[in-house]
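J.: Have a look at this one before I ask anything.
The values are calculated or read from the model by the stated rules, or taken from the named source; none is laboratory data. Note that this is a predicted model, so its numbers are computed, not measured. Here the Cβ positions follow ideal geometry from the backbone for every residue, glycine too, while neighbour counts run over all protein chains shown.
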Amino acid sequence: MRHRSRLLTMTLTAGLLLAACTDPGTDTGADAAGPVRLLTHDSFDVSTEVLETFTADTGIDVEVIPLGDAGSALNRVILTKDDPEGDVLFGVDSTFLTRALAEDLFLPHRAAGLDAVDPALLPDDERVTPIDFGDVCVNYDRGWFAEAGLPVPADLAALADDRYAGLLAVQNPATSSPGLAFLLGTIARLGEDAAFTFWERLRANDVLVTDGWSDAYYGAFTHASDGDRPLVVSYASSPPAEVLFAAEPTDTAPTGVIVDTCYRQVEYAGVLASTPRPDAARALLDHLLSPAFQADVPLTMFVFPARTDVPLPDVFTAHAVLPDEPLTLDPARIDAGREGWIERFTDTVLR
Amino acid sequence: MTGTRGTRRRPRGRPLLLAAVPTAFLGLFFLWPLVRVLGRGLGVDATPLAPLWDVARDPRTHEVVAFTAGQAVASTVLTLAVGLPVAGVLARYRFRGRQVLEAATLVPFVLPTVVVGSAFVALLGRLAPVVDLRGTTWAILLAHVFFNVSVVVRTVGGLWRHLDEAPLLAARTLGAGPLRAFREVTLPRLRPAIMAASAVVFLFTFTSFGVVLILGGPGRSTIEVEIHRATAQLLDLRTAAALSVLQLLAVVATLGLYDRSRRHQAARPLARTATTARPVRGVRARLAVGGAVALLATVQGVPLLALGERALRVGDGWGLDHFRTLGRPTREAVLSVVPAEAVVNSLAIATVATLLALAVGTSAAVTAVSGGRVGRLMDGALMLPLGTSAVTLGLGLLLAFRTGPFAGRGAVLLVPVAQALVAVPFVVRTLLPVLRAIDRRLREAAATLGAPPRRVWREVDLPIVSRAGLVAAGFSFAVTIGEFGATIFVARASQPTIPVAIHRALGLPGEVNLGRAMALSVLLALITGTVVLLIDRIRVGQVGRF
Amino acid sequence: MGALTVEGLRAGYGAGPDVLHDVTLDVRPGEVVALLGASGSGKSTLLRCVAGLEPLRAGRILLGGADAAALPVERRDVGLVFQDHALFPHRDVAGNVAFGPRMQGLAPADIDARVDHALRRVGLAALADRPVDALSGGEQQRVALARALAARPRLLLLDEPYGSLDRPLREGLASALPALVRDEGVGALLVTHDQQEALRAADRIAVLAGGTVRQFDVPERLWRDPADATVATFLGVGPLFPATVTDGTAHTAVGTFPVATAADGPARLLVPTAALHVDPHPDGPRLDATVVDVRFAGDAHRLEVRSGEHTFAVRTTTADALPAPGGTVTLGVDPRALRVLPADDGPRAGSQTGQRAEPRAGQ
């Protein structure tokens, strides 16, 4: 018996040792020599050279660790707050800003280059730094509307018109970041109660609700799929993307944006409070606001840079719409209302 | 009076000592995390049961529970409808390739749920031009039938094969037609196995996570998926915890029914008894066998073919491109590591998890078989992790070990621990029947021949159990390498396992990601399939049946 | 010094009642003692007590003259042979037989020699490398015996060893046991419920009923002088008729018989079938019976007859004057073989007195 329990003990110990050895060394944030880890969402993208510049300047490697969609990424960081998987979080959008601040995830940091940021984007809190912004708007398929001889819906309210029945695809706000943004936009435009009356009418108008952005855009949108929806909730930067990635070079964007529906999202970054390497993390955050990184975001993530002093690519100036007065909601109001609104949406539209 | 002392010599201390291993493991890595989840979810309110009450009253909960139970019942019925005829044919007829076919039915059962999800994504995509089942409940039901058919075939077929045919023939000579005789004689005798198989299928589909997460959608989520959604997307731990409790209650109830049906099952001897299978002769026999083979091929083969086809399809042609991209980073694919690294991670983690599960499971099984109150308690306690939502487990581990030895570098240990928790019940269920079936007289014979108790264990129990141990190890490996629900929480983002990588890739747009998901699924399917086919070759007795 | 001595043994399972009360018997080296009893009589329990597999409630077990109380199973030097053989399924024939010598820590060469010797003794030397599940039932039984012998026990314990075998095989193996035991110099305690098997194999037989030994003696004495009605009935000695004895004569419903030494009073008269012969005009006492059936039995005819409430068989070699079924037949009785047994010897009788039933004196 003693023999047997010794065997078990040995097996257990061997197992644990083996497990420790399987660590290939990527999870070594505590080591000063290791890379600084950037936690972010799945849509994060940057040109390789831009990160290489950072490494060349500072001698610190960057490891990018995507954690799912924006909401999931933030939740993951909150759940692992005491034992973070990274040093910097990029991608907290205005929808979830209050939650991130309430959880006290970040160290205060005044990033170099903050002076060049559009003052309208600056929060009253030094713990988060705006990096980029973008608008979620209803996109339309120009070709489809021309062929159908139907005018493009003029504004948000028009989407509920009978003649646009069965044309719109949106995302479930419970599972999709642009879906939630669009829902918030309707509330910002119409007020809460009127917004859900509007959603009732959209439902009667046979609105299609998908789980995620790609299901709607690449699964239902007439321009990007064999689907039957010429109206889809997407980004204001989608038309330039269509031009950029068009199979044949084109001067006119095949899709357009209904400006009245645009809801603004700002993306923030912050240094995680429990990072073992606050200095490296601060340097990385500064880099996110550097001209090089800022100039890179339009064509990698299809958003607008927070800095006003970097040039926009031509395709953006030509085809992207930047609404003068986009819809916005106060982060505190979002935080108070978000779950209730999602529930109400589910009840109104999905049930 | 010179009464001898107890000559059985079962020292009291030993089962306790041995019980310490699984008790400590379950206590630390199962109960404590569970307490943390429940505490975080239910303890924040003034009245502890308020969240539970709120969730229980919520009409959305009713909808989720109704869907969960409804799809589980439908899945079980469909699985029986497919599985029973196949079980009958496999039990009654002897033909070339029957054993291979039988082993093959087991492969889908141990396929990781994400692989099943991928296979059906591929299949439904292929079918879409003809009949579009994407985003329907049918997608979920078909996937559930796909990987639970083997439960029915194995459990019911195992009993069916050993049924003495004489009573059936007696009924026929007494004037019952074939159908009547089946209904009056065979069916009642199969009932315990059918009940047990139904309970298992119901349990598996009731707690289905990966398949539903991938194939479901708005309005089509199980409690398990809702727990994940509440946690990962809404950060609503209160609801997550309340749903976990709800799920646990439902599962315990099902397990209770399962246990009752199992107890009615006649004990089967370890030795293979003669079968009543006969060669295939005559048109009806040929039709029956052909039909069964065709049914299995359709239900289980076609989705796998679709998966393979999708993994190899590149543009309009075929190639290994998707597999090649696994080794290098690409812009479109969002993962912090190249997928090949996930494969290495998975193999290493599953190996450690298997060793852990074997150590814990073996000591637990030996304790359970030693009888007494400790043994009985152990027997019951070991089924608990099986009944607990893997998602809850993962969440609990994450919450319970954010600091201390399992934080930071040590966090890498939590993944094999989480997977071992899921595998331990399988190890115990594999070893226990074999340990129980060892004839007491074998031990007595060894003792009278001069073997002291420890030697008896080494000379009799160990050699007989070691084959079952190999089987248990194989099952553990297959289970752990495919584990998803707990791993998705515990795995560090920088160290994804294959299932986690597949899920991430499936959730992202673009052909590269889809292709990678399919290629990884094929790899994972090949790994688990190989392990299972190896197991089947050394299968002893009723090992591997549930 | 005996191979085994059991004194005043009392045993039972768990908190249940005694299965055995006050059992006393002994086995000498080279001797086969059969423990004969119906199922449930406690004979397997006795065997397990001797092997050390069940605890005692009272009494003593001496192995080779030494008290075995402190000896665990593995140090008792007993070879236990089970009814279904209990061969180790994961070892071949030689591996099974080598188990005991291995446990004794013998050198490999000595183990081989022991295995070889034991397998030769049971005639299975050619099958040494076979897996055990490839053997027939009889072969498995012989492997089990060889396995027990190879450990050189001082006592063989055989628990219905032939129970699962066909009758011819059973008889052959049982007949071979005494010589084997004599040659190996071990004692053997053979549990069986079959009188024929006990007769073939045993030097002495202990009849066990109701948890106690009713009679323990050589077979001849058992059949000639059964201790009580239970023993006589179990051995199948002959019909028992309720009787009243007065002045050396037993009065029964089927006639009167001379019984010289019996005390007066109610009793039962045992008429051994061996003492009956078909004789229309017997010299001595006679018994009239109705013929139920007549069968040819090879060397003689076997008559199934009924007398009083008893049906029993009588052999006759007078083939020329066979009675027909339904007719009557007169049987001559050898008065020397008649025995008078107590009127009542229910199962409790032995246990209440706590005494071994003594064989009664003949006439």
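J.: Could you figure out which of (1) in the same structural domain as A:T197 (by TED's automatic domain parsing); (2) more than 23 Å from A:T40 (Cα to Cα) isn't true of A:S234?
T.: The one condition A:S234 does not meet is (2).
J.: Can you confirm whether segment A:303-319 contains a residue that is within 14 Å of chain B (Cβ to nearest Cβ) and touching a helix residue (DSSP H, G or I) at 6+ places or on another chain (Cβ under 8 Å)?
T.: Residues of segment A:303-319 within 14 Å of chain B (Cβ to nearest Cβ): none.
No, every residue in segment A:303-319 fails to be within 14 Å of chain B (Cβ to nearest Cβ) and touching a helix residue (DSSP H, G or I) at 6+ places or on another chain (Cβ under 8 Å).
J.: In the set A:P249, A:P230, A:P254, A:P173, which member is within 12 Å of another protein chain (Cβ to nearest Cβ) and farther than 30 Å from A:H287 by Cβ? Before the answer, list the steps.
T.: Numbers: A:P249 fails: within 12 Å of another protein chain (Cβ to nearest Cβ); A:P230 fails: within 12 Å of another protein chain (Cβ to nearest Cβ); A:P254 fails: within 12 Å of another protein chain (Cβ to nearest Cβ).
None of the other options fit; the residue is A:P173.
J.: May I pose another question? Residues of segment A:145-195 being in a loop (DSSP other than H, G, I, E, B), touching a Phe, Trp or Tyr at 6+ places or on another chain (Cβ under 8 Å) and among the small types (G, A, S), which ones?
T.: Listed by number, the residues that qualify are A:A174, A:S176.
J.: Does C:G52 meet the test of being surrounded by 18 or more Cβ atoms within 10 Å (Cβ to Cβ), under 24 Å from the mean Cα position of the chain (by Cα), within 7 Å of chain B (Cβ to nearest Cβ) and more than 27 Å from C:G16 (Cα to Cα)?
T.: Details: surrounded by 18 or more Cβ atoms within 10 Å (Cβ to Cβ): yes; under 24 Å from the mean Cα position of the chain (by Cα): yes; within 7 Å of chain B (Cβ to nearest Cβ): yes; more than 27 Å from C:G16 (Cα to Cα): no.
No; evaluated as a whole, the condition is false for this residue.
J.: Here is a follow-up. Working carefully through the options B:L243, B:L249, B:L235, B:L213, find the one that is over 17 Å from B:L506 (Cα atoms) and crowded, with 22+ Cβ neighbours inside 10 Å.
T.: Values: B:L249 fails: crowded, with 22+ Cβ neighbours inside 10 Å; B:L235 fails: crowded, with 22+ Cβ neighbours inside 10 Å; B:L213 fails: over 17 Å from B:L506 (Cα atoms).
The match here is B:L243.
J.: Looking only at segment B:487-504, how many residues end up being in contact with a Gly (Cβ under 7 Å, 6 or more places away or on another chain) and either among the hydrophobic types (A, V, I, L, M, F, W, C) or at the interface with another protein chain (Cβ under 8 Å from one of its Cβ atoms) (or both)? Steps first, answer last, please.
T.: Going residue by residue through segment B:487-504, those that are in contact with a Gly (Cβ under 7 Å, 6 or more places away or on another chain) are B:487-490, B:499.
Narrowing further to those that are either among the hydrophobic types (A, V, I, L, M, F, W, C) or at the interface with another protein chain (Cβ under 8 Å from one of its Cβ atoms) (or both): B:488-490.
The number of residues fulfilling the criteria is 3.
J.: Quick one: would you say A:D347 is within 14 Å of another protein chain (Cβ to nearest Cβ) and either out of contact with any strand residue (DSSP E or B) (no Cβ under 6 Å at 6 or more places or on another chain) or buried (at least 18 other Cβ atoms within 10 Å of the Cβ) (or both)?
T.: yes
J.: Considering only segment B:361-382, state which residues are hydroxyl-bearing (S, T, Y) and more than 21 Å from B:R443 (Cβ to Cβ). Write out each step before concluding.
T.: Let us first name the residues in segment B:361-382 that are hydroxyl-bearing (S, T, Y), namely B:362-363, B:367, B:370.
If the condition is that a residue be hydroxyl-bearing (S, T, Y) and more than 21 Å from B:R443 (Cβ to Cβ), then no residue fits.
J.: Among the residues of segment B:462-476, are any within 20 Å of C:M103 (Cα to Cα), within 12 Å of another protein chain (Cβ to nearest Cβ) and of a type in the set (K, R)?
T.: Within segment B:462-476, the subset within 20 Å of C:M103 (Cα to Cα) is B:462-464.
Next, from what is left, pick out any that are within 12 Å of another protein chain (Cβ to nearest Cβ): B:462-464.
In the following step, the residues that additionally are of a type in the set (K, R) were identified as none.
Looking through segment B:462-476, none of the residues is within 20 Å of C:M103 (Cα to Cα), within 12 Å of another protein chain (Cβ to nearest Cβ) and of a type in the set (K, R).
J.: For B:E444, state whether it is within 14 Å of chain C (Cβ to nearest Cβ) and surrounded by 20 or more Cβ atoms within 10 Å (Cβ to Cβ). Quick ask: steps written out before the conclusion?
T.: Numbers: within 14 Å of chain C (Cβ to nearest Cβ): yes; surrounded by 20 or more Cβ atoms within 10 Å (Cβ to Cβ): yes.
Judged against the criteria, B:E444 is a match.
J.: Going through segment C:127-153 one residue at a time, which ones are within 12 Å of chain B (Cβ to nearest Cβ), assigned to a loop (DSSP other than H, G, I, E, B) and not aliphatic (A, V, I, L, M)?
T.: The answer is C:R152, C:P153.
J.: Given the options A:V50, A:V64, A:V46, A:V36, name the one that is modelled with pLDDT of 85 or more, at the interface with another protein chain (Cβ under 7 Å from one of its Cβ atoms) and within 24 Å of A:P291 (Cβ to Cβ). Show your work before the answer.
T.: Numbers: A:V50 fails: at the interface with another protein chain (Cβ under 7 Å from one of its Cβ atoms); A:V46 fails: at the interface with another protein chain (Cβ under 7 Å from one of its Cβ atoms); A:V36 fails: at the interface with another protein chain (Cβ under 7 Å from one of its Cβ atoms).
On inspection, the qualifying residue turns out to be A:V64.
J.: Right, here's the next one. Of everything in segment C:61-105 that's in contact with a Gly (Cβ under 6 Å, 6 or more places away or on another chain) and charged (D, E, K, R), which residue is nearest to the other protein chains (Cβ to nearest Cβ)?
T.: Ranking the qualifying residues of segment C:61-105, first place goes to C:E74.
J.: Across segment C:56-73, what is the total count of residues that are in contact (Cβ under 8 Å) with a residue 24 or more places away in the chain and surrounded by 21 or more Cβ atoms within 10 Å (Cβ to Cβ)? Working first, answer last.
T.: Step one: filter segment C:56-73 for residues in contact (Cβ under 8 Å) with a residue 24 or more places away in the chain, giving C:56-65.
Keeping just the survivors that are surrounded by 21 or more Cβ atoms within 10 Å (Cβ to Cβ) gives C:56, C:59, C:61, C:63.
The total comes to 4.
J.: When the residues of segment A:328-344 are narrowed to those that are of a type in the set (A, V, I, L, M, F, W, C) and in a helix (DSSP H, G or I), which ends up farthest from the other protein chains (Cβ to nearest Cβ)? Give the steps one after another, and end with the answer.
T.: Taking segment A:328-344 and keeping what is of a type in the set (A, V, I, L, M, F, W, C), we get A:329, A:332, A:334, A:336, A:341-342.
If we keep only those that are in a helix (DSSP H, G or I) as well, we get A:332, A:334, A:336, A:341-342.
On the way: A:A332: 17, A:I334: 14, A:A336: 15, A:W341: 12, A:I342: 8 Å.
That would be A:A332.
The rows are residues; the columns are (1) buried (at least 20 other Cβ atoms within 10 Å of the Cβ); (2) at positive phi; (3) not in a helix (DSSP H, G or I).
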site: A:A246; (1), (2), (3): no, no, yes
site: A:T250; (1), (2), (3): no, no, yes
site: A:G256; (1), (2), (3): yes, no, yes
site: A:V259; (1), (2), (3): no, no, yes
site: A:Q265; (1), (2), (3): yes, no, yes
site: A:G270; (1), (2), (3): yes, no, yes
site: A:P276; (1), (2), (3): no, no, yes
site: A:A281; (1), (2), (3): yes, no, no
site: A:L284; (1), (2), (3): yes, no, no
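J.: Would you check which residues across segment B:427-441 are facing chain C (nearest Cβ under 9 Å) and either in contact with a strand residue (DSSP E or B) (Cβ under 7 Å, 6 or more places away or on another chain) or in a loop (DSSP other than H, G, I, E, B) (or both) and list them?
T.: B:D439
J.: Still on this structure, please answer the following. Only one residue in C:R224, C:R170 is away from chain B (no Cβ under 14 Å), in contact (Cβ under 8 Å) with a residue 12 or more places away in the chain, among the charged types (D, E, K, R) and surrounded by fewer than 21 Cβ atoms within 10 Å (Cβ to Cβ), so which one is that? Spell out how you get there, then give the answer.
T.: Details: C:R170 fails: surrounded by fewer than 21 Cβ atoms within 10 Å (Cβ to Cβ).
Step by step, each of C:R224, C:R170 is checked, and only C:R224 is away from chain B (no Cβ under 14 Å), in contact (Cβ under 8 Å) with a residue 12 or more places away in the chain, among the charged types (D, E, K, R) and surrounded by fewer than 21 Cβ atoms within 10 Å (Cβ to Cβ).
J.: I would also like to ask the following. Which one of the conditions (1) of a type in the set (K, R); (2) surrounded by 13 or more Cβ atoms within 10 Å (Cβ to Cβ); (3) modelled with pLDDT under 90 does B:R281 fail to meet, given that it meets all the rest?
T.: Of (1) of a type in the set (K, R); (2) surrounded by 13 or more Cβ atoms within 10 Å (Cβ to Cβ); (3) modelled with pLDDT under 90, only one is false for B:R281: (2).
J.: Let me ask you something else. From the list A:D161, A:D132, A:D141, A:D115, pick out the single residue that is of a type in the set (D, E), under 20 Å from A:L327 (Cα atoms) and either out of contact with any strand residue (DSSP E or B) (no Cβ under 8 Å at 6 or more places or on another chain) or more than 14 Å from chain B (Cβ to nearest Cβ) (or both). Give the derivation first.
T.: Working: A:D161 fails: under 20 Å from A:L327 (Cα atoms); A:D141 fails: under 20 Å from A:L327 (Cα atoms); A:D115 fails: under 20 Å from A:L327 (Cα atoms).
After ruling out the rest, the residue left standing is A:D132.
J.: Answer yes if at least one residue in segment C:106-119 is within 14 Å of chain B (Cβ to nearest Cβ), in contact with a helix residue (DSSP H, G or I) (Cβ under 6 Å, 6 or more places away or on another chain), assigned to a helix (DSSP H, G or I) and among the basic types (K, R), and no otherwise. Walk me through it before giving the result.
T.: Filtering segment C:106-119 down to residues within 14 Å of chain B (Cβ to nearest Cβ) leaves C:106, C:111, C:114-115, C:118.
Narrowing the set further to residues that are in contact with a helix residue (DSSP H, G or I) (Cβ under 6 Å, 6 or more places away or on another chain) leaves C:111, C:114-115, C:118.
This time we only want the ones that are assigned to a helix (DSSP H, G or I), so: C:111, C:114-115, C:118.
After this cut, where a residue has to be among the basic types (K, R) as well, the list is C:114.
Scanning segment C:106-119, I find at least one residue that is within 14 Å of chain B (Cβ to nearest Cβ), in contact with a helix residue (DSSP H, G or I) (Cβ under 6 Å, 6 or more places away or on another chain), assigned to a helix (DSSP H, G or I) and among the basic types (K, R), so the answer is yes.
J.: Within the group C:T244, C:T233, C:T212, C:T249, which residue is within 19 Å of C:Q196 (Cα to Cα) and of a type in the set (S, T, Y)? Spell out the reasoning first.
T.: Working: C:T244 fails: within 19 Å of C:Q196 (Cα to Cα); C:T212 fails: within 19 Å of C:Q196 (Cα to Cα); C:T249 fails: within 19 Å of C:Q196 (Cα to Cα).
Sole residue among the options that is within 19 Å of C:Q196 (Cα to Cα) and of a type in the set (S, T, Y): C:T233.
J.: Can you pull out every residue in segment A:84-116 that is buried (at least 21 other Cβ atoms within 10 Å of the Cβ) and assigned to a strand (DSSP E or B)?
T.: Result: A:V88, A:L89, A:F90, A:G91, A:V92, A:D93, A:F106.
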